[in-house]
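*Asks:* This structure is in structure tokens; I'll ask about it shortly.
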Amino acid sequence: MARVVLKNLTKTFKNVVAVNNVNLEINDKEFLVLVGPSGCGKTTVLRMVAGLEEATEGEIYIGDRLVNDVSPKDRDIAMVFQNYALYPHMSVYDNMAFALKLRKLPKEQIRQRVMEVAELLGLTELLNRKPKQLSGGQRQRVALGRAIVREPKVFLMDEPLSNLDAKLRVQTRAELIKLHRRLGITTIYVTHDQVEAMTMGDRIAVMCDGVIQQVDTPLNVYNRPANKFVAGFIGTPSMNFLDARVVDGADGCMIDAGSFKVRPPQDKVDLLKPYIGKEVIFGIRPEDIFDKELSSIVQPTADNTIRALVDVIEPMGPIVTMYLTCGNHSLVASIDAETKAREGQEIDIVLDMAKSHVFEKDTEKAVY
């Protein structure tokens, strides 16, 4: 096994900077997820680690070895692609054994490794089939098996679940997590799906426009986003952002959004004092908004309760997604399905200010 270190990694295509000065360390046996919107540079980072793209600047280390000038086949990595990239004319067994045959390993050793991995992934009954005779989930497992039999130092996975249907994606996600815990191989996993990132990664690195915005554990990224982009990208539905101003009140500073005022958490007041009189962005997640009539988690007060018009209600089982209007602001809330609120009515909603966020207006960096 090995750690992977990226130092000042940059990739440009003509005049386009695809990856901009990325510094990242993936620990030995860690499962790190690179997540971000399409075109943010995450796959380019993965391809540079694999050796499929040449870095314009910077250094790539696998273990203690600088691999910038090492060919892909000598980097001791295995990559799982989005489209599986199986050889259509080969059986499952031959697809999994191919890399080992290239290494000229003894036939019995190849057979032993393939059979062990096939049993691990539930492919034993499929070894004689061709890829066209397999379902999407089975092909994905074959692609994984082909990578595992090589016993690499590092796994690189480029959106391997994106071609699966929703139910199979959830099932395979769990299988991948169990597989990683069992094998303990350093893994870099690329996805645009923030749910995959949150559920799978030991740590996640959020990218935007070729720049890593934040690297931390999933819960820390969710609870303490570094900036507005991270806050809006992580979480479903997305965080609400409202233009506001920090004002000085009789009992300390308040957040004035025009149509309502709310009081920040007491332990955040000192962080807000330098912003008194300045415009900020106020953020609150949909799951931190409650119907006042059902608010058992947050005690309603005059400083955290606002009046809003219910525009649309979407039933989601145990909760409803509620689209609200408050003055000039639109809000999305995830409300307990027991709510008696109806479309076209006004209701009182309670904001969990202890979980609120404030961002600088110009830089969009988190104040808290």
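The values are calculated or read from the model by the stated rules, or taken from the named source; none is laboratory data. Only a predicted model underlies this, so the values are computations on that prediction, with no experimental measurement involved. Glycine gets a Cβ as well: all are built from the backbone with ideal geometry, and neighbour counts include every protein chain shown. Ligands, DNA and RNA are excluded from the accessible area calculation, which covers all protein heavy atoms including side chains. Shrake-Rupley method; radii C 1.70, N 1.55, O 1.52, S 1.80 Å.
*Asks:* Could you order peptides 41-48, 17-24 by the average number of other Cβ atoms within 10 Å of their residues, highest first?
*Replies:* Descending packing order for the listed peptides: 41-48, 17-24.
*Asks:* Cross-link partners among lysines for residue 355, C-alpha distance below 19 Å, same-chain residues fewer than 8 apart left out?
*Replies:* Candidates past the 8-residue exclusion: 228, 261, 268, 273, 292, 365.
*Asks:* Then there is this: Could you calculate the contour length gain from residue 54 to residue 364, that is, 0.36 nm times the residue separation minus the distance between their Cα atoms, to one decimal place in nm?
*Replies:* Net length gain for the segment: 108.3 nm.
*Asks:* Quick check: at a probe of 1.4 Å, how many percent of the accessible area of region 83-196 sits on carbon and sulfur atoms?
*Replies:* C and S fraction of accessible area: 49 percent.
*Asks:* Any idea what angle helix 136-148 forms with the longest principal axis of the chain, computed on alpha-carbon atoms, 0 to 90 degrees, nearest 10?
*Replies:* On a 0 to 90 degree scale, this one is about 60.
*Asks:* For the chain, what's the radius of gyration and Dmax over Cα atoms, in angstrom?
*Replies:* Just the Cα atoms of the chain yield Rg and Dmax of 24.8, 81 Å.
*Asks:* Given R₀ = 30 Å, what would the calculated FRET efficiency be for residue 219 paired with residue 128, taking r from the Cβ atoms and rounding to 0.05?
*Replies:* For R0 = 30 Å, the calculated efficiency reads 0.10.
*Asks:* Mind checking the per residue accessible area of region 303-365 for me, 1.4 Å probe, whole number of Å²?
*Replies:* Here the per-residue accessible area is 52 Å².
*Asks:* Considering only 72, 160, 265, give the residue with the highest GNM mean-square fluctuation for the chain, with springs between Cα atoms whenever their separation is below 10 Å.
*Replies:* 265
*Asks:* Can you give the extra length, in nm with one decimal, that the chain gains between residue 65 and residue 301 once fully stretched, where that is 0.36 nm per residue apart less the Cα-Cα distance?
*Replies:* Full extension from residue 65 to residue 301 adds 79.1 nm.
*Asks:* Next up: Percent of accessible area on region 11-61 owned by carbon and sulfur, 1.4 Å probe?
*Replies:* 41 percent
*Asks:* Once the Cα atoms of helix 166-183 and of the chain are each reduced to a long axis, what angle between those two axes, in degrees from 0 to 90 to the nearest 10, is obtained?
*Replies:* Around 60 degrees separate the two axes.
*Asks:* Counting Lys and Arg as +1 and Asp and Glu as -1, each charge on the Cβ, what is the dipole of region 99-196 about the Cα centre in debye, to the nearest 20?
*Replies:* Computed charge dipole of region 99-196: roughly 480 debye.
*Asks:* Excluding residues fewer than 8 places away in the same chain, name every one of the lysines whose C-alpha is closer than 19 Å to that of residue 104.
*Replies:* 73
*Asks:* Further question on the same structure: State the extension gain, in nm to one decimal, for the chain segment bounded by residue 74 and residue 167, taking 0.36 nm per residue of separation less the distance between their alpha-carbons.
*Replies:* Here the answer is 29.8 nm.
*Asks:* Per residue, how much accessible area does region 193-255 have with a 1.4 Å probe, in Å²?
*Replies:* Accessible surface, normalised per residue, equals 40 Å².
*Asks:* Just the accessible area per residue of region 1-113, please: how many Å² with a 1.4 Å probe?
*Replies:* Solvent-accessible surface per residue comes out at 53 Å².
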